[in-house]
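The values are calculated or read from the model by the stated rules, or taken from the named source; none is laboratory data. Quantities reported herein were computed from a predicted structural model and do not represent experimental measurements. Heads up, the Cβs are rebuilt from the backbone with ideal geometry, glycines too, and the neighbour counts pull from every protein chain shown.
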Amino acid sequence: MKEADRNRNIENTNFEMPDLCNVMAICMLVLIGELIVFVLLLAGGPITWVRLALLSLSVQWIVLGSAGVLCALRPVLNGIGVARGATFVFILVMSVTLLVSVIAHFVYSGEADFANPALDWGQITRQLGIAGIITGVVMRYLYVQQKLREQEQSELQSRIQALQSRIRPHFLFNSMNIIASLISTEPEMAETVVEDLSELFRASLNDAGNQVSINEEISLCKRYIHIEGLRLGERLRVEWTVENCPPRLKIPLLTLQPLLENAIYHGIQPLPEGGTIRIHVRRESEVLAITVQNPLVEQGDADVRGNRMALANTRSRFAALYGSEASLLAWVEADSYFTELRYPAVVESE
């Protein structure tokens, strides 16, 4: 039963044919083909330059011919199951090997009688056997690589989702207290807070790495600031500067909110007089830069750890999404604390 389920899962998985058309892949195939030639040369027979050249010609024709056909059929192969895709590739490589072997016989022997060819089927069978073994090993390797990529992608998505959906419990409790205090005195305001809170939680449960427009992200952040503003009152002041950001500029959902939350929690809340948070969003060529400035506060050990953890979570999330192309820096300048996030800007085409 388990074996049947495993076979069914393999069949239901889409076959993923690697791109063999790029320069790197072709160079790698040529190198692998030449390594096979040296193995065949050392396996038996005289070691001569002529034999090396003939073996190289035959093997490279098989390798590059198979790669060319597979490259042309890649869109079709990627839409079928793993079992059928692997079988098709195996048969195709065997066919190319047989065709090249027959043509090589006539070229090397000088015979022109295609009606009654005196083929060395023993040698052709050995060539087909070698090609079959190598193809099987390569197909197994590609299948394992595909499963590893799928597992890594699944783990990456789970990690991004966990980092994205992390809203501090204290914010939820404070929001609930605000709603409770407003219900009897300002029911309309309480309803607005509920709507703002629901939008924030809907965003936190959205697909990991989901891209939204810059205006949508700013609107979501203003909802968050509105809720915190009801709690902190005039102590919280926010200044926005948005430069060179077209409406179609895309940004990962909940990019700004964690930075704002960190600035409010560590830069505004500890100060009796409050302070001003300045957000500067700008597009610099192909990079989107977001700078958040908040008052510098002397922090205890717990606050320092919390601040570092919040920045580490954001840094990990963008490292998972953009790799080394994203960076999150933090520094102190005069009486202000700065955080700056930079990552590749994506503008959606019309």
Tabulated pairs, region 31-54, first on the phi < 0 side of the Ramachandran plot and basic (Lys, Arg), second in a helix (DSSP H, G or I) and modelled with pLDDT of 75 or more, C-beta under 7 angstrom, 6+ apart or interchain:
Arg51/Leu41
Quick one: would you say Asn174 is of a type in the set (S, T, N, Q), assigned to a loop (DSSP other than H, G, I, E, B) and either modelled with pLDDT under 70 or buried (at least 17 other Cβ atoms within 10 Å of the Cβ) (or both)?
no
Among the residues of region 219-231, is any among the charged types (D, E, K, R), within 25 Å of the chain's Cα centre (by Cα), within 27 Å of Met176 (Cα to Cα) and in the same structural domain as Tyr343 (by TED's automatic domain parsing)?
no
Here are the criteria: (1) buried (at least 16 other Cβ atoms within 10 Å of the Cβ); (2) at pLDDT 75 or above; (3) more than 22 Å from Arg278 (Cα to Cα). Tell me which single one Glu325 does not satisfy.
(1)
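Could you pull out the residue among Ser204, Ser213, Ser181, Ser198 that is under 39 Å from the mean Cα position of the chain (by Cα), modelled with pLDDT of 70 or more, within 26 Å of Tyr265 (Cβ to Cβ) and not β-branched (Val, Ile, Thr)? Walk me through it before giving the result.
Values: Ser204 fails: modelled with pLDDT of 70 or more; Ser213 fails: within 26 Å of Tyr265 (Cβ to Cβ); Ser181 fails: under 39 Å from the mean Cα position of the chain (by Cα).
Going through Ser204, Ser213, Ser181, Ser198 in turn, just one is under 39 Å from the mean Cα position of the chain (by Cα), modelled with pLDDT of 70 or more, within 26 Å of Tyr265 (Cβ to Cβ) and not β-branched (Val, Ile, Thr): Ser198.
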Restricting region 64-82 to residues that are loosely packed, with under 15 Cβ neighbours inside 10 Å and part of a helix (DSSP H, G or I), the residue that is farthest from the chain's Cα centre (by Cα)
Gly68
I need a count of the residues in region 38-63 that are buried (at least 16 other Cβ atoms within 10 Å of the Cβ) and at pLDDT 80 or above.
6
Name every residue in region 21-47 that is out of contact with any Leu (no Cβ under 9 Å at 6 or more places or on another chain), over 20 Å from Thr135 (Cβ atoms) and not in a helix (DSSP H, G or I), in order of residue number.
Asn22, Gly44, Gly45, Pro46
What is the number of the single condition among (1) crowded, with 20+ Cβ neighbours inside 10 Å; (2) within 25 Å of the chain's Cα centre (by Cα); (3) modelled with pLDDT of 85 or more that Pro344 does not meet?
(1)
Taking Asn294 as the residue in question, decide whether it is among the polar types (S, T, N, Q) and modelled with pLDDT of 90 or more.
yes
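Considering region 232-258 alone, what residues qualify as being in a strand (DSSP E or B) and either farther than 22 Å from Ser198 by Cβ or outside the structural domain of Thr185 (by TED's automatic domain parsing) (or both)?
If we filter region 232-258 for residues that are in a strand (DSSP E or B), which is where we start, we get 236-243, 249-252.
Those that are in a strand (DSSP E or B) and either farther than 22 Å from Ser198 by Cβ or outside the structural domain of Thr185 (by TED's automatic domain parsing) (or both): Arg237, Glu239, Trp240, Thr241, Val242, Glu243, Leu249, Lys250.
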Inside region 245-283, the number of residues satisfying the requirement of being closer than 19 Å to Ala345 by Cβ and without any contact (Cβ under 8 Å) to a residue 40 or more places away in the chain is 3
Selection from region 247-292 of residues charged (D, E, K, R) and closer than 11 Å to Glu217 by Cβ yields Lys250
Are there any pairs, at least 6 apart or on different chains, whose C-beta atoms fall under 8 Å, with the first in region 230-242 and surrounded by fewer than 10 Cβ atoms within 10 Å (Cβ to Cβ) and the second modelled with pLDDT of 90 or more and not aromatic (Phe, Trp, Tyr), and if so, which?
none
